[in-house]
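Asks: Let me give you the structure first, and then I'll get to my questions.
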Amino acid sequence: MGGSFEPMAELLRSGKLPPCAESAISSGKVQVLNDPPLQCPECPLASVYSGRAGLSMRIEHQGRVFGWICLSCPRKFAHSVEELDLLKEVVGDIAFALWAIDTETQRDSLANRYATILGSTTDAVVADDLDGKIRVFNPGAEKLF
């Protein structure tokens, strides 16, 4: 969107959300604005949507809300079941990807914390899996054995 997005960026940097984003975040459904300049005049991008519809939806997976997505489309598609289903699918894919990244990051962080604890304790710690294969063996166990 080039420089026309700057007013929205300023609004977001100030910690405020446009009404369409607030509406999308508070609802799990696609929000449709048939005439954004009329229905959402305080939105910094309202003029960009002139003659078009605005769609917004919360980005959520497994109860975790990551944000929202807003887009502009020709008015004739704003209530099309196929287009709305496509939007839901794309938003679902984005939400799942963000959730997977967040989950992996948390898992890696937890693994690093456990490794630090196991590496610093003088107690022997040995853990095996259900097949009896040793999976964890810390320096305390190495010293003992």
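Asks: May I ask you to verify whether ALA95 is touching a Lys or Arg at 6+ places or on another chain (Cβ under 9 Å), in contact (Cβ under 8 Å) with a residue 40 or more places away in the chain, surrounded by 11 or more Cβ atoms within 10 Å (Cβ to Cβ) and under 20 Å from CYS20 (Cβ atoms)? I'd like the intermediate steps shown before the answer.
Replies: Numbers: touching a Lys or Arg at 6+ places or on another chain (Cβ under 9 Å): yes; in contact (Cβ under 8 Å) with a residue 40 or more places away in the chain: no; surrounded by 11 or more Cβ atoms within 10 Å (Cβ to Cβ): yes; under 20 Å from CYS20 (Cβ atoms): yes.
Spelling it out, it is not the case that ALA95 is touching a Lys or Arg at 6+ places or on another chain (Cβ under 9 Å), in contact (Cβ under 8 Å) with a residue 40 or more places away in the chain, surrounded by 11 or more Cβ atoms within 10 Å (Cβ to Cβ) and under 20 Å from CYS20 (Cβ atoms).
Asks: Being farther than 16 Å from LYS29 by Cβ and assigned to a helix (DSSP H, G or I) narrows it down to one residue among GLU83, GLU89, GLU104; which is it? Steps first, please.
Replies: Details: GLU83 fails: farther than 16 Å from LYS29 by Cβ; GLU89 fails: farther than 16 Å from LYS29 by Cβ.
One residue alone meets the criteria, GLU104.
Asks: How about region 117-140: which of its residues are part of a loop (DSSP other than H, G, I, E, B) and either touching a helix residue (DSSP H, G or I) at 6+ places or on another chain (Cβ under 8 Å) or small (Gly, Ala, Ser) (or both)? Talk me through it step by step, then tell me what you get.
Replies: Narrowing region 117-140 to residues part of a loop (DSSP other than H, G, I, E, B): 121-125, 129-133, 138.
Passing the criteria: THR121, THR122, ASP123, ALA124, VAL125, GLY132, ASN138.
Conditions tested, residue by residue: (1) more than 26 Å from GLU89 (Cα to Cα); (2) among the hydrophobic types (A, V, I, L, M, F, W, C); (3) open to solvent by 50 Å² or more (accessible area, probe 1.4 Å).
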site	(1), (2), (3)
ARG13	yes, no, yes
ILE25	no, yes, yes
ASN34	no, no, yes
PRO44	yes, no, no
ALA53	no, yes, no
VAL65	no, yes, yes
TRP68	no, yes, yes
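Asks: May I pose another question? Just give me the residues in region 98-143 being modelled with pLDDT of 90 or more and open to solvent by 100 Å² or more (accessible area, probe 1.4 Å), in sequence order.
Replies: ILE101, LEU130, ASP131, LYS133, ILE134 - these are the residues of region 98-143 that are modelled with pLDDT of 90 or more and open to solvent by 100 Å² or more (accessible area, probe 1.4 Å).
Asks: What is the number of the single condition among (1) within 27 Å of ILE101 (Cβ to Cβ); (2) open to solvent by less than 40 Å² (accessible area, probe 1.4 Å); (3) of a type in the set (A, V, I, L, M, F, W, C); (4) in contact with a Lys or Arg (Cβ under 6 Å, 6 or more places away or on another chain) that CYS20 does not meet?
Replies: (4)
Asks: Continuing with this model, one more query. Every residue in region 29-72 that is under 22 Å from the mean Cα position of the chain (by Cα), part of a strand (DSSP E or B) and among the charged types (D, E, K, R), please.
Replies: Hits for region 29-72 are ARG58, GLU60, ARG64.
The values are calculated or read from the model by the stated rules, or taken from the named source; none is laboratory data. As the structure is a prediction and not an experimental result, all values here were calculated from the model. All Cβ positions, glycine included, derive from the backbone under ideal geometry; neighbour counts span all protein chains shown. These area figures cover heavy atoms from the full protein model, side chains too; ligands, DNA and RNA do not enter into them. Shrake-Rupley method; radii C 1.70, N 1.55, O 1.52, S 1.80 Å.
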